[in-house]
Amino acid sequence: MVRSSLSAAEARRVALAAQGFGRPPATDVSTRAVNAAFARLGLLQIDSVNVFERSHYLPLFARLGAYDRSTLDRLTLGRSGPYTEYWAHEAALIPRDDLRLFRWRMDALRQRDAGPTRIDGVTRTAEVRRELHALLRAEGPMRASAVEHESNVRRGPWWGWSDVKTGLEQMFRWGEAVSAGRSGFERVYALPEQVLPAGFLETAPPRADAVLDLVRHATRALGVGTRADIADYYRLRSDDTAAAIAELTAAGELLPVRVEGWGERAWLHPDARVPRQLTADAVLSPFDPVVWFRRRAERMYGFHYRIEIYTPAPKRVFGYYVLPVLQDDRLVGRVDLKSDRQRGVLRVRTAWQEPGEHLDAERLAETLRRTAAWQGLDAIEVTDRGTAAAAVAGALGLPLVPHEAVDDADPPEPAEQLDAAEA
């Protein structure tokens, strides 16, 4: 039956089902299941913070259960695997074949970088880039830290890139260099011909056709969404997205719908399921597609979410690395997690129930047990901070431990700062 409207609850269930929620966690997750989940999402956002776990591992755990992270490493971190990396949302892992859909973005970023606000940096690194081209051609793929060059020194504090790193990132944005995997979570750079089929990028579709395919991918992954939701999935321009939506709607590949409580028109993917009910239990990465577009998370779930990593410690409300808690089709709480590997403990540094929601502490306790086991940690600690801390500790059968002042301090910063791309 063709739907012209959805209730707010139906829209939440459509979106979560499209994202792969609603299935019980598997006891043995195969490589095929990992590939299928990746295909459903279309991309995994990368972030360098690993106080709990690096973000690209978490969406698959939330949907599949305790999979072997080495399976994802084998698929994504090697030179010739089925996945590669580009600025697809932010920095993200994507199917290798999809890299061609971003050729137009490479050109747009080159044009942006030649603009008056950035041209000085491009000019400064021109000679370095020429040398890097020659070096990669002669030596093959390598990390920025492996390049011996007088310019390979930082120009500021921990986020200050050297001219070598800046030059490699410029080449990567423009498609002059591509990812050849990662080593120790540091990107390995290569010339396109060293890791891609001959002429791969040169045969990319025109911008309009590529955007059309990306909107197809986004709407399938979202299930239902507004133009802003659809545009955000791959960080597309609003006008490009609107043109693609109009074309797909005329072809019957998207269905216009009204969603209860949404002030904007939405579109439903024709293959999207509308489950009568949906059971889910997960903690979500701050960079999970369910919550990464904060406006959508607030509209769909009433969940106001701002990651506090970059908030000064005295101004944080919920904690440093706070993960939303998903139970069924609601975001009912948030927990600040840290994997204390030296002690073998999953530390729940704060636990909060969302105002107006019911957080089932027993269910969250079981989710935390599964999470600790997946992380290879033998114990869980819950500190006495947050509106749900006592209930979660009780459900785990644990005493609350005192909140430590060190938990309010900034942890050591990651070795690599991930820049944002706009086109």
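Restricting attention to region 335-346, which residues are open to solvent by 10 Å² or more (accessible area, probe 1.4 Å), charged (D, E, K, R) and not in a loop (DSSP other than H, G, I, E, B)?
The answer is K338, D340.
Hey, any hits in region 255-272 for a residue that's in contact with a helix residue (DSSP H, G or I) (Cβ under 7 Å, 6 or more places away or on another chain) and closer than 30 Å to R370 by Cα?
For region 255-272, residues in contact with a helix residue (DSSP H, G or I) (Cβ under 7 Å, 6 or more places away or on another chain) and closer than 30 Å to R370 by Cα: present.
Being buried (at least 19 other Cβ atoms within 10 Å of the Cβ) and either in contact with a Ser or Thr (Cβ under 9 Å, 6 or more places away or on another chain) or in contact (Cβ under 8 Å) with a residue 12 or more places away in the chain (or both) narrows it down to one residue among A379, A365; which is it?
From the options A379, A365, the qualifying one is A365.
Collect the residues in region 37-59 that are of a type in the set (S, T, Y) and in contact (Cβ under 8 Å) with a residue 40 or more places away in the chain, keeping them in residue-number order.
S48, S55
Could you tell me whether any residue of region 258-268 is outside any loop (DSSP other than H, G, I, E, B) and open to solvent by 50 Å² or more (accessible area, probe 1.4 Å)? Break it down stepwise before answering.
Within region 258-268, the first condition is being outside any loop (DSSP other than H, G, I, E, B), and the residues that meet it are 258-259, 266-268.
Okay, now just the ones that are also open to solvent by 50 Å² or more (accessible area, probe 1.4 Å), so 258.
Yes; the residues of region 258-268 include at least one that is outside any loop (DSSP other than H, G, I, E, B) and open to solvent by 50 Å² or more (accessible area, probe 1.4 Å).
Determine, yes or no, whether A15 is touching an Asp or Glu at 6+ places or on another chain (Cβ under 9 Å) and in contact (Cβ under 8 Å) with a residue 24 or more places away in the chain.
yes
Only one of R182, R187, R235, R207 is touching a His at 6+ places or on another chain (Cβ under 7 Å), touching a residue at least 12 places away in the same chain (Cβ under 8 Å) and under 18 Å from W87 (Cβ atoms). Can you tell me which?
Just one listed residue meets the conditions, R235.
Here is a list: A246, A313. Which entry is over 21 Å from I94 (Cα atoms) and modelled with pLDDT of 95 or more?
A246
Only residues that are under 16 Å from V14 (Cα atoms) and in a loop (DSSP other than H, G, I, E, B): list them for region 277-305, please.
Those that are under 16 Å from V14 (Cα atoms) and in a loop (DSSP other than H, G, I, E, B): Q277, L278, T279, A280, P289, V290, V291.
Any residue in region 299-310 that is open to solvent by less than 30 Å² (accessible area, probe 1.4 Å), of a type outside the set (F, W, Y) and at pLDDT 95 or above? Give the derivation first.
Taking region 299-310 and keeping what is open to solvent by less than 30 Å² (accessible area, probe 1.4 Å), we get 300-301, 303, 305, 308-309.
Retained after the next criterion (residues that are of a type outside the set (F, W, Y)): 300, 308-309.
Imposing the further condition that a residue be at pLDDT 95 or above reduces the set to 300.
Scanning region 299-310, I find at least one residue that is open to solvent by less than 30 Å² (accessible area, probe 1.4 Å), of a type outside the set (F, W, Y) and at pLDDT 95 or above, so the answer is yes.
Inspect all residues belonging to region 233-254 and state whether any of them is in a loop (DSSP other than H, G, I, E, B), in contact with a strand residue (DSSP E or B) (Cβ under 7 Å, 6 or more places away or on another chain) and crowded, with 18+ Cβ neighbours inside 10 Å.
Looking through region 233-254, at least one residue is in a loop (DSSP other than H, G, I, E, B), in contact with a strand residue (DSSP E or B) (Cβ under 7 Å, 6 or more places away or on another chain) and crowded, with 18+ Cβ neighbours inside 10 Å.
Restricting attention to region 105-133, and to residues there that are touching a helix residue (DSSP H, G or I) at 6+ places or on another chain (Cβ under 6 Å) and in a helix (DSSP H, G or I), which single residue is farthest from V215 (Cα to Cα)?
V128
(1) in contact with a Leu (Cβ under 9 Å, 6 or more places away or on another chain); (2) in contact (Cβ under 8 Å) with a residue 60 or more places away in the chain: which one isn't true of L93, the others all being true?
For L93, the failing item is (2).
In this structure, does F102 turn out to be more than 29 Å from V211 (Cα to Cα), buried (at least 18 other Cβ atoms within 10 Å of the Cβ) and not β-branched (V, I, T)?
Answer is no for this residue.
Right, F318: assigned to a loop (DSSP other than H, G, I, E, B), within 23 Å of the chain's Cα centre (by Cα) and within 28 Å of L236 (Cα to Cα) or not?
Here the answer is no, as F318 does not meet what is asked.
Please work out which residue is nearest to E366 (Cα to Cα), limiting yourself to region 26-36 and to residues that are touching a Leu at 6+ places or on another chain (Cβ under 7 Å) and either touching a residue at least 60 places away in the same chain (Cβ under 8 Å) or part of a loop (DSSP other than H, G, I, E, B) (or both).
The selected residue is A26.
Report yes if some residue within region 181-195 is among the polar types (S, T, N, Q), surrounded by fewer than 17 Cβ atoms within 10 Å (Cβ to Cβ) and assigned to a helix (DSSP H, G or I); otherwise report no. First the steps, then the outcome.
Looking only at region 181-195, we keep the residues that are among the polar types (S, T, N, Q), and these are 183, 194.
Then drop every residue that is not surrounded by fewer than 17 Cβ atoms within 10 Å (Cβ to Cβ), which leaves 183, 194.
Next cut, assigned to a helix (DSSP H, G or I) only: 194.
Yes.
The values are calculated or read from the model by the stated rules, or taken from the named source; none is laboratory data. Model, not experiment: these values are computed from the prediction. Backbone-built Cβ (ideal geometry, glycine too); neighbour counts: all protein chains shown. Please note that ligands, DNA and RNA were not included when accessible areas were found on the heavy atoms of the full protein model with its side chains. Shrake-Rupley method; radii C 1.70, N 1.55, O 1.52, S 1.80 Å.
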